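Here the structure is laid out as structure tokens; the discussion comes afterwards.
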Amino acid sequence: MFNLFKKKKKNIDTNQVKDFNNILKIIEDFILFEEFNKAEKAIQEVLHKENESFKYYIDTVAEKDKKEELKNFKKKILKIEALKEKNDTKKRKHEINIKQRKKKEEIKFVKQKTTELMKTANFDESIALVNNLIERNLKDVDILNLGNELKKNISKEMEKYKQKKQKEIKRDAFKEAQELIWEIVTSKENENTKTQNTSFLQIIKNKFNFYGSFKKRLKEKRLIDEVNLLLQSQSEKDELTAKAKLAQVHSGISREIYREKISGYEIYGKIMWADKISGDSLGFHKWKNDTTFFIWDATWHGIRAWFIISQLNKKFHELAGTVWLADICLAINNSLKQELKSGNFITSIFFHLTKNKPNSLEFIWMGHEPIFVFRKATGTVEKIIPWWLAAWIRLIKDVFQIKTKEIIFHDGDILITYTDWIVEAKNEFWEMYSIDRVAKKLEEFGRNGKNTLEDIYKKFIDDLKKFTGGKANYSDDVTLLLLKRDKNKDILEGQDVENLIQKEWIEKKYRKKITGKSLEEVREEILRIQKENSLKNIIRSLDILYKTGELPKLKMDCIRYIKEWYIHKKINFYLKKALDNENAFKIGQKNKKMQDKYNVLKELLKKWDYETVISECSSIISKNGNI
């Protein structure tokens, strides 16, 4: 923009004035748009070039015109200096505004962060955050005052939290017991299963949960419809909007299948996503005695792939529990066939379990990776490849064209299925992780009977990271789904319950409590019932000791039972009484000893034995009265 000054001016005419004014206008624009550094640089350049031009030109002008030219030159310089002053003033104000904005943002952040930390009882972190703010702004009075105010608020919240915790301790028999016996009882998971609350309030709560989930599903449907319209547009802005809306939909899609209750089985599945929106998907639906679940993987990526996955999940949850497994596959395949472009397809496996056939797993395999089953009885791994076309390659005319297969399970058998990135992951030598390695590792991890399915999942991920050189980021989604047959999880009903009652000598009044539960849960329930009965007997025995005045034995028994995890408010009550009695006895004994000592010293004083009296008194005082 300053090309005007790059060439030497031999003659100056009226055009120079116009160019100079244009330069000033450009500088004013810089100032207007807060580009102060550019304006400053332009002003310096204009001053320099104008001085050079004037020195060169003044020598060539006639003597009579020099005075007028000098006057014009000074006017230009005054204009430039006025602009320089304006630029400097605006720049200072701008810098002050920036500092104030930064200060406001910093204060806002600290206030929000301290509030969040206080909600989670992280008072030390909140105080450290405030101290850090003060240290960085020691000369700012406003910050210092704010910091002191925040510290006062944190201190108040800390006191409230302490008082709340003290009240909780008083209400909590276990914590109270810990306080009473002056030691931390070894931590242990509470094995008592929580009894279901079927009160009126619980019914109301369930109603709210139902309407909440219904509202969520409706919102997801609307989002998917909006995404479909946006995807039809070629606009980049619409594509970004679609991606944002899909991220909301995918936030509700399962990343993990965990702690789902299935009769006779343990299940665990998890997706490690390479992006906020996944091309892999897991689904799970339980309805009465039937359980349906799936794994699928889109063979391409991008917003449209993510959209199709969202549609699949929506369709699955609409159909699951209302039609057979093959009908679900047929409906999903044909309804989404129109959405896929040529060359795009989805690999998947749909699974179905029914309580009436506990050892049978039905599945429909659509072009997915091979299934592996670890057989506990032989300690070997079986490879299953049903061979059928991947989903959404073609329309399926009839449900009978879909092949439903069956796997027979025995106690301890473990199934694994996965998405393709696992087997295609490469190490530094470009060797693939491979299907064979999956089978080998399943056999290794499956033979250790102590491993839960979550343990096996973690071991697979650790081995995958080790194989790929410890890479934490994946170029594709990583998904594993594991299923284990476990007879201890078989749901007991009817005759099975009656047989168990006779075998375990369970009172018939407990029949309702154990009906509909797995053998594993029933065993826990039996232990809980036995512990309840033992606790009643313990409280009776402690009550007898309390009423008969055998307080030393009462104290010993209370401490012993608490260490054996018999926690009850009545045990705490008896222990308090025993400790109070023991303290009262100790105080009485101490007072008696002190009285006896006093009587002896009094007699010595009568006999003028001052040295002994002084020595004994000094000894008592130094021992703080403990004789």
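The values are calculated or read from the model by the stated rules, or taken from the named source; none is laboratory data. Remember, it's a predicted structure, so these values are computed and weren't measured experimentally. Every residue, glycine among them, receives a Cβ derived from its backbone with ideal geometry; neighbour counts consider all protein chains shown. The accessibility values were calculated without ligands, DNA or RNA, using every heavy atom of the protein model including side chains. Shrake-Rupley method; radii C 1.70, N 1.55, O 1.52, S 1.80 Å.
Things to note:
- Residue match in the range 329-343 (condition: out of contact with any strand residue (DSSP E or B) (no Cβ under 8 Å at 6 or more places or on another chain), at pLDDT 80 or above and of a type outside the set (S, T, N, Q)): yes
- Taken as a whole, the structure leaves S199 outside the set of residues that are under 25 Å from the mean Cα position of the chain (by Cα), among the small types (G, A, S) and at pLDDT below 65.
- Residues located in the range 395-447, provided they are hydroxyl-bearing (S, T, Y) and within 26 Å of C329 (Cα to Cα): T404, T417, Y418, T419
- Selection within the range 479-495 - under 41 Å from the mean Cα position of the chain (by Cα) and open to solvent by 50 Å² or more (accessible area, probe 1.4 Å): K487, N488, E493
- Whichever residue in the range 35-83 is buried (at least 17 other Cβ atoms within 10 Å of the Cβ) and small (G, A, S) and, among such residues, is nearest to the chain's Cα centre (by Cα): A39
- Neighbours by Cβ (under 8 Å, 6+ apart or cross-chain): first from the range 520-534, open to solvent by 60 Å² or more (accessible area, probe 1.4 Å); second of a type in the set (D, E, K, R) and assigned to a helix (DSSP H, G or I): E520/K489
- For the range 394-421, the candidate set comprises residues that are in contact with a Phe, Trp or Tyr (Cβ under 6 Å, 6 or more places away or on another chain) and open to solvent by 10 Å² or more (accessible area, probe 1.4 Å); within that set, the residue that is farthest from I384 (Cα to Cα) is K403.
- Subset of the range 453-470 (residues that are open to solvent by less than 50 Å² (accessible area, probe 1.4 Å) and not aliphatic (A, V, I, L, M)): E454, Y457, F460, D463, F467, T468
- Qualifying residue in the range 545-567 (condition: crowded, with 16+ Cβ neighbours inside 10 Å, touching a residue at least 12 places away in the same chain (Cβ under 8 Å), assigned to a loop (DSSP other than H, G, I, E, B) and touching a helix residue (DSSP H, G or I) at 6+ places or on another chain (Cβ under 6 Å)): yes
- Number of the exception - S310 against (1) among the hydroxyl-bearing types (S, T, Y); (2) more than 16 Å from T479 (Cβ to Cβ); (3) open to solvent by less than 10 Å² (accessible area, probe 1.4 Å); (4) modelled with pLDDT of 80 or more: (4)
- Test result for K113, in a helix (DSSP H, G or I), touching a residue at least 12 places away in the same chain (Cβ under 8 Å) and open to solvent by 90 Å² or more (accessible area, probe 1.4 Å): no
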